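**Q** Next up is a structure, given as structure tokens.
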Protein chains: 2
Amino acid sequence: MNIAKEEAKKAYLLDEVPIGAVLVDNENNSIICSSHNEINKQNNSIKHAEIILIENACNKRKSKYLDNTSIFVTLEPCTMCAAAISAVQIKRIYFGAYDEQKGSLESLMKIYNQKGFFVPEVYGGINEIECKNLIKDFFQRQRS
Amino acid sequence: MNIAKEEAKKAYLLDEVPIGAVLVDNENNSIICSSHNEINKQNNSIKHAEIILIENACNKRKSKYLDNTSIFVTLEPCTMCAAAISAVQIKRIYFGAYDEQKGSLESLMKIYNQKGFFVPEVYGGINEIECKNLIKDFFQRQRS
């Protein structure tokens, strides 16, 4: 999660909402790739950290699935990202802060309770305070 | 929807699940871009027709939102795509066949009933039979 937080800090400095993600190979705990939110950079509101991570990892692995991997992400995934993580069959999700507005694993809804989804294991609240404060600071700075 | 069906047929010939999509500018009814499912081509299970369409259209418009546009897609969007369409604020969704397994606008769930979503207008069942038969034929051919 430390590397995911470093990615979130990169986003912060680039004036993107500070959310970072890392994908790890469960076989040997090596990092496959890391990413941060690039909505402004890529001029595209779907370019969340998780979507970019999945694109990079599928390219790298030349595989449409990301079997036996774990994603670490600083904020609870939204509906789009939770469904994307399931589509590529990532095995475990570790997230930092809970997102009461849009979090789709525990907060707004539990999307994997719907039928038809590949269901990853979910572990929330990892380094929650630090992950949350990064986002809180960003929006406080934006307002001031 | 005819152009979306042509895109679906292109996918069929390329051994991709035949789903096509078109984005139209509501101002003047001009086509912004069209796409089809490229999961195998791009080796990535999130490369649904709608995701590729959104990427191409945001690039073309150099905008993170796709205000005042309509998407025509041959199959009812899944959860990921429905959430992505909402994230870029596409105004209207016209879809062909209903998807009882994964359709997230009317079938499996009504995702926009959850709070926190930009809610597009939804019109389902446009050229339903033709859109459905394309997919049915594809899977029948795969099995034989």
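The values are calculated or read from the model by the stated rules, or taken from the named source; none is laboratory data. Because the structure is predicted, anything quoted here is derived from the model rather than measured. As a convention, Cβ positions derive from the backbone with ideal geometry for all residues, glycine included, and neighbour counts pool all protein chains shown. Only protein heavy atoms, including side chains, enter the accessible area calculation; ligands, DNA and RNA are left aside. Shrake-Rupley method; radii C 1.70, N 1.55, O 1.52, S 1.80 Å.
**Q** Which of the residues belonging to the stretch B:117-132 are crowded, with 17+ Cβ neighbours inside 10 Å and over 16 Å from the mean Cα position of the chain (by Cα)?
**A** The answer is B:117, and nothing else.
**Q** Scanning the stretch B:29-41 for residues that are within 14 Å of chain A (Cβ to nearest Cβ) and assigned to a loop (DSSP other than H, G, I, E, B), which turns out most open to solvent (accessible area, probe 1.4 Å)?
**A** B:41
**Q** Taking residue A:77 and the conditions (1) open to solvent by less than 20 Å² (accessible area, probe 1.4 Å); (2) assigned to a loop (DSSP other than H, G, I, E, B); (3) facing another protein chain (nearest Cβ under 9 Å), which numbered condition does it fall short on, given that it satisfies the others?
**A** (3)
**Q** Can I ask one more? Identify, please: which residue in the stretch A:62-74 is within 14 Å of chain B (Cβ to nearest Cβ) and open to solvent by 10 Å² or more (accessible area, probe 1.4 Å) and is, among those, farthest from residue A:92 (Cα to Cα)?
**A** Filtering the stretch A:62-74 for residues that are within 14 Å of chain B (Cβ to nearest Cβ) and open to solvent by 10 Å² or more (accessible area, probe 1.4 Å), the one farthest from residue A:92 (Cα to Cα) comes out as A:62.
**Q** Hey, can you tell me all the residues within the stretch B:95-106 that are open to solvent by 30 Å² or more (accessible area, probe 1.4 Å) and more than 10 Å from every other protein chain (Cβ to nearest Cβ)?
**A** B:98, B:106
**Q** Just to check your reading of the model, which residue among A:26, A:59, A:44 is open to solvent by 60 Å² or more (accessible area, probe 1.4 Å) and either free of Cβ contacts under 8 Å to residues at least 24 places away in the same chain or more than 14 Å from chain B (Cβ to nearest Cβ) (or both)?
**A** Only one candidate qualifies: A:59.
**Q** How about the stretch B:96-144: which of its residues are β-branched (Val, Ile, Thr), outside any helix (DSSP H, G or I) and within 29 Å of residue A:107 (Cα to Cα)?
**A** Of everything in the stretch B:96-144, those that are β-branched (Val, Ile, Thr), outside any helix (DSSP H, G or I) and within 29 Å of residue A:107 (Cα to Cα) turn out to be B:119, B:122.
**Q** What is the one condition in (1) within 14 Å of chain B (Cβ to nearest Cβ); (2) open to solvent by less than 10 Å² (accessible area, probe 1.4 Å); (3) not in a loop (DSSP other than H, G, I, E, B) that residue A:8 does not satisfy?
**A** (1)
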